[in-house]
Amino acid sequence: MCGIIGYTGNEPAKDIIINGLKTLEYRGYDSAGVAVLDPKTGIVLKKKTGKVAELEAAVAGDSTDATCGIGHTRWATHGGVTEANAHPHNQGSVTLCHNGIIENYKELTTEYGLKNILKSETDTEVVAALLDQFYEGNPYKTIRKVVDLLAGSFALCIMFDDQPGKIFAIRNVSPMVAASFDGGSIIASDLTALISFSKKYFVVPEYHILTLSEDGIEVQDLKGRKVEPEILEVNWDISSAQKGGYPHYMLKEINEQPEALERTVAPRIQDGLPFLADDGIDDEMLKNVKNIVIVACGTAMYAGMVGKSLIESKLRIPVLVDIASEFRYKDPIIDEDTLTIVVSQSGETIDTLEALRLAKKKGSKVLSVVNVKGSTIARESDYVLYTHAGPEIAVASTKAYTVQISAMYILAARLGLVKGIITEDQAREFMTKLSGVGEVMKKTIAASDDIRRIANHIKTAPDVFYIGRGIDYTLSLEASLKLKEISYIHSEAYAAGELKHGTIALISEQVPVIAIATEEQVYSKVISNVREVKSRGAYVILISQEGKTESEEVCDKQIYIPKIDSIFGVFATAVIIQLIAYYTSDAKGLDVDKPRNLAKSVTVE
Ligand code: M6R
C-alpha cells in the first residue's frame, strides 16, 4: 500500500525519483507526487491523480537541478483520490511522504489545534504539521518528539527546508530498505527501486532515525546512539524486475514459474530427501508438532489450503487454515503443540503479521513461508522457509502461489519423514515427483492457445463459476479470485457437490462453468455435477488429465493437464487458471498488472 522513495546525492533527483516510482507503482497507483529540495529556490512540489506516467508528463518541463528529493505513489486510505490528498505533503518548513496509517490523527488534530491549517483529508499531513510545529532546527529531537505521539504504522521520508541535501527517515511496521552507493543514498519501500543503484542494502530498523546525505546514511536509535545496520545482498538483478519483452508482468511471472520452482525446491533436496537444516528448521521441533494452523490472506491462504489437503491426506496431521484477518480476532485454539505456518509473498501483510504475533503470544511456534528476504514477517518468525520466486510485480499473484505450495510440500515431506509417518523411499519418490513439476508446467504454458480462445469466450460473461472437489476445489477458489481481480467478472468457486444446494439456481446459458476434475478418486463425481450444470444450459469448460476425454454432452471445451499424480497436478492446473484470468483481462483491454482498487501489499487492516 503506497510506495515511497527518497534520493540524495550528486545526480538530478527528479528523474531518479520518477523512475523509482515507476518500479514501486504496483504498491498503489491512484495518484503520485514528487518534491525536490532545491538549495536555491526551496521545495518544488508536484502531485497528480492517476498513474506515475501522468506525474512524469506533468514534471517533464520542470528544469531543476536539485539533487535531493522524495516521491510517493498512493493507494488511498484516508481521503479520496485528489491532488490535495496525494503525497508529498508540505507544512511550513517540512515536506514528507508516508506509507502506513496514523490511527490517532484525529485526536492529534484536535489536541494540537491543526484543523485550520490542514489542506488535505489525510492522516499524513497531521504528521507534517506536528513536525513543523515542534521544529526548532534539530531534526532528530523533533522526529523523536512527534514519533512518540503517533499510533499506527508508518514509513516516513522527511525533508526540512533548512537541511539541504538531507532526507530523514523513520519507520514502524511499514517496510523501508536503504542503500548508499557512489552516486549518493537512496531509500524506498522495497528493493525494486534500489536494485539499479546497489545490490547491497539494509532493512531500515524500526524506530531508528536515518539521515541520508550524499556521503552515506547514518542510523541512530531513539536515544541518539549510532547503529550499524546489517548489510544484505540481493540475489536477483534489475532484469528480474522488468518485463523482459513480455506485454505484462503477469504473463512474464506465469512463465517464470518452472525456474522459480527449481530455485525453491532444488536446494532443499539432499541425497534425494527433503532437507531443511540449512533453513534452520530443526527436526526436533517438527517431531513435536501435533497440529498445524496455516494463516494467510488471499492467494497465500489458498496456497495454504493446498498444503492442508496434502498434510491431512498423506500425514494424517490435523490442519486448520484460517484467514489472517479473522484469526487475529477470534482467540484461536492453539498452544505449544501447534505449529503455526504463516504464508506471505511480501512478508508485510499487516493482518498476517498480527496473526503471527498472536500465535507467538499463545505459545505456538511460528514458521513463515515468505518470498521477500528480511521482511517483517520473516524477521519475527521462529523459522523461515524462503520461497525463491524473485520479485513479483503484477498485483495478481502467480509464481508466488506455486512456490508457496512447493515450500509446503517440502515441509510436509520432512515432517512426515522425521515423524516416521513416511519412509525414506516414499520421501525420495515424493521429492523426485516434486522436482519434475517444473517440466509439466512448461508443457502447460506452451499449450496456451486453447486457453486464449476460451478466454475470448468468457470475456463477455456476467458470471463465471468454478467447481471442483477436494484439492481441485481449493484450486477453484484461487481460480475464481484470479479471474475476479483482473477481469472484473463476477465469479464464484463452489465445491462441485454443493452447487445443487442452492447455487445451481444461478446457472443459465449465459454463465460459463469451469470444472476442475484432475483427481482420479472423485473424477466421476465431478462429471456427474458437470452433467447437472450442462443440462441447465451452462457452457462448460472441463480441466482434466490427458486421457480423460468427455463427449459434447458433458462439456463444450476441454483443457488437459499432463497425466500426473493429482497432488502434483496442482502446479499445471495453477498455470491454466492463471492463464484463463490473464487472457480474459487482456481480451477485455484491462490493465492486467494494475487492476482497479487494488495494491500489491496490503499493509492496512
Ligand atoms: O504478500 P501476501 O502474500 O501476504 O499477500 C496476500 C494477499 O494480499 C495476496 O495473495 C493477494 O490475494 C493476491 N495479490 C491476489 O492475487
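I'd like the distance separating the alpha-carbon centroids of the stretch 542-556 and the stretch 77-135, in whole Å. Here the answer is 59 Å between Cα centres. For the listed residue pairs Lys243/Lys557; Lys22/Lys459; Lys14/Lys200, the alpha carbons are over 25 angstrom apart in Lys243/Lys557; Lys22/Lys459. Once the Cα-Cα distance is subtracted from the 0.36 nm per residue extended length, the Glu492 to Glu520 segment shows a gain of 7.7 nm. Length gained on full extension, Glu284 to Thr460, computed as 0.36 nm times the residue gap minus the Cα-Cα distance: 57.9 nm.
Under a 5 Å amide H cut-off, with hydrogens placed 1.01 Å from N, Ile422 pairs with Leu417 among residues at least 5 apart or on other chains.
Of interest is the spacing of the C-alpha centroids, which for the stretch 571-605 and the stretch 1-64 amounts to 27 Å. Our helix-only sum for the chain, with -39,500 (n - 2.57) per DSSP H run of n ≥ 4 divided by its residues, gives a mean residue ellipticity at 222 nm of -10500 deg cm²/dmol. Is the stretch 460-605 rounded, prolate or oblate when judged by the Cα gyration tensor, a ≥ b ≥ c being the square roots of its eigenvalues, rounded requiring a/c under 1.5 and prolate requiring a/b larger than b/c? It is prolate, given that a/c is not under 1.5 and a/b is the larger ratio.
Sorted fewest first by neighbouring Cβ atoms within 10 angstrom, Cys2, Cys297, Cys157, Cys68 come out as Cys297, Cys68, Cys2, Cys157. Taking Cβ atoms as reference points and 13 Å as the exclusive limit, the residues near Ser185 contribute a net charge of -3, counting Lys and Arg as +1 and Asp and Glu as -1. Restricting the calculation to Cα atoms, the chain yields a radius of gyration followed by a Dmax of 25.3, 80 Å. In order along the stretch 312-329, the phi-based Karplus estimate (6.51 cos²θ - 1.76 cosθ + 1.60, θ = phi - 60°) of 3J(HN,Hα) comes to 5, 6, 8, 10, 6, 9, x, 10, 10, 10, 9, 6, 4, 6, 8, 3, 5, 10 Hz; Gly and Pro are listed as x.
Mind running the shape call on the stretch 260-318? Use the C-alpha gyration tensor, a ≥ b ≥ c as the square roots of the eigenvalues: rounded below 1.5 for a/c, prolate if a/b tops b/c, oblate otherwise. Verdict is oblate for the stretch 260-318. Under 5 Å between amide hydrogens, built in the peptide plane, is the criterion, and for Ser491 it picks out Val464 among residues at least 5 positions away or on other chains.
The residue list Ile231, Ile561, Gly245 was ranked by how far each Cα lies along the charge dipole of the chain toward its positive end, using unit charges on Cβ atoms, and Ile561 comes out on top. In order along the stretch 233-245, the phi-based Karplus estimate (6.51 cos²θ - 1.76 cosθ + 1.60, θ = phi - 60°) of 3J(HN,Hα) comes to 10, 7, 9, 9, 10, 4, 4, 5, 9, 10, 6, x, x Hz; Gly and Pro are listed as x.
Considering only the chain, what is the antiparallel percent among its DSSP beta bridges, to the nearest 5? The antiparallel fraction comes to roughly 60 percent.
Judged by the ratio a/c of the largest to the smallest principal axis of the C-alpha gyration tensor, the stretch 78-191 counts as prolate, that ratio being 1.5 or greater while a/b is larger than b/c. Restricting the stretch 109-164 to GluC sites (Glu not before Pro) that sit in a DSSP loop and have at most 11 other Cβ atoms within 10 Å of their own Cβ leaves Glu136.
Evaluate the charge dipole of the stretch 90-132 about its Cα centre and quote only its size in Debye, nearest 20, assuming +1 on the Cβ of each Lys and Arg and -1 on the Cβ of each Asp and Glu. Each step should come with its number before you reach the end.
Numbers: 3 positive and 7 negative charges, 28 e Å.
So the magnitude is around 140 debye.
Since every read-out is calculated from the coordinates, none of them should be taken as a lab result. Keep in mind it's a predicted model, so treat the numbers as computed, not measured. Because the Cβ atoms are built from the backbone with ideal geometry, glycine has one as well, and the counts that use them run over all protein chains shown.
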